[in-house]
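Asks: Just dropping this structure here.
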Amino acid sequence: MVFERYTNDNGTGSGDTRARASPIALPLAHPAPLSPLPMSDLRYPTGTFTMPRSLSTEQRRAAIDAIAAAPAQLRNAVRNLTDAQLDTPYRPGGWTVRQVVHHVPDSHINAFIRIKLALTENHPTIKPYDEAAWALLDDARSTPIETSLTLLETVHDRMLRVLRAMSPSDFARTLNHPDNGVMTLDDVAAQYAWHGRHHVAHITGLTERNGWT
């Protein structure tokens, strides 16, 4: 998978067990305010991701639509949050809301590059990155969130122009992930449809549990 195995917050860390869930039609599941939840529900509020291997035309369109919706959903999730709220972990031992916001464009920039590599090279081997370490760098802990909200919007503008111009044969093109093996661009599209909702639900779940809405 495009997400890296060493992080403990994006839902795909080393040793995780992945449920057989739809990669496209995962609903946003928001816990009730102030009610305790199992750690697995806090970590995977939309369910875990399953690699699809291939998508139908309708599933592919739904994945692209989900990617298109992600920037506005993330912006709405953090609207009116204070700095203290942004610096609150979304679960015990997890990233803060601010780190989650900065992580999303970090991840999607890498995805965009990987898509373009797979479209322009023959089965390229991509470079993983340590998401957990990136989240500890100062930019992820102190940068105003507007920087990353705008960055996500602009990255998605470029990514969507590529995805919407791709043919079925383009989506069948492959890349090699050193940890996760062969991936198609259908895999990447499905994964990032899930990824945006996954992290938005981290934030909205925390907001509702704490009565911030």
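The values are calculated or read from the model by the stated rules, or taken from the named source; none is laboratory data. What you see is a predicted model, and the numbers here were worked out from it, not measured in a lab. Note that we place each Cβ from the backbone using ideal geometry, even for glycine, and neighbour counts take in every protein chain shown. For accessibility, only protein heavy atoms count, side chains too; no ligands or nucleic acids. Shrake-Rupley method; radii C 1.70, N 1.55, O 1.52, S 1.80 Å.
Asks: Do we have residue 98 as among the basic types (Lys, Arg), under 16 Å from residue 196 (Cα atoms), open to solvent by 40 Å² or more (accessible area, probe 1.4 Å) and modelled with pLDDT of 95 or more here? Reasoning before the result, please.
Replies: On the way: among the basic types (Lys, Arg): yes; under 16 Å from residue 196 (Cα atoms): yes; open to solvent by 40 Å² or more (accessible area, probe 1.4 Å): no; modelled with pLDDT of 95 or more: yes.
Judged against the criteria, residue 98 is not a match.
Asks: Output the number of residues of segment 167-213 satisfying the condition of being touching a Lys or Arg at 6+ places or on another chain (Cβ under 9 Å) and not hydroxyl-bearing (Ser, Thr, Tyr).
Replies: Filtering segment 167-213 down to residues touching a Lys or Arg at 6+ places or on another chain (Cβ under 9 Å) leaves 168, 171, 175, 177-180, 183-190, 202, 205-206.
Add one more test, that the residue is not hydroxyl-bearing (Ser, Thr, Tyr), and what stays is 168, 171, 175, 177-180, 183, 185-190, 202, 205-206.
Residues that pass the stated criteria total 17.
Asks: Moving on. Tell me which helices (runs of 4 or more DSSP H) are completely within segment 116-189 and hold 3 or more residues being crowded, with 19+ Cβ neighbours inside 10 Å and of a type in the set (A, V, I, L, M), or say none if there are none.
Replies: 145-165
Asks: Now a separate question. Note down all Cβ pairs under 6 Å where the first residue falls in segment 194-212 and is aromatic (Phe, Trp, Tyr), the second is open to solvent by less than 10 Å² (accessible area, probe 1.4 Å), and they're at least six residues apart or on different chains.
Replies: So the pair list comes out as 194/49.
Asks: List every residue pair whose Cβ atoms sit under 7 Å apart, with the two residues 6 or more apart in sequence or on different chains, where the first one lies in segment 73-94 and is in contact (Cβ under 8 Å) with a residue 60 or more places away in the chain and open to solvent by less than 30 Å² (accessible area, probe 1.4 Å) and the second, anywhere, is charged (D, E, K, R) and not in a loop (DSSP other than H, G, I, E, B).
Replies: 91/43
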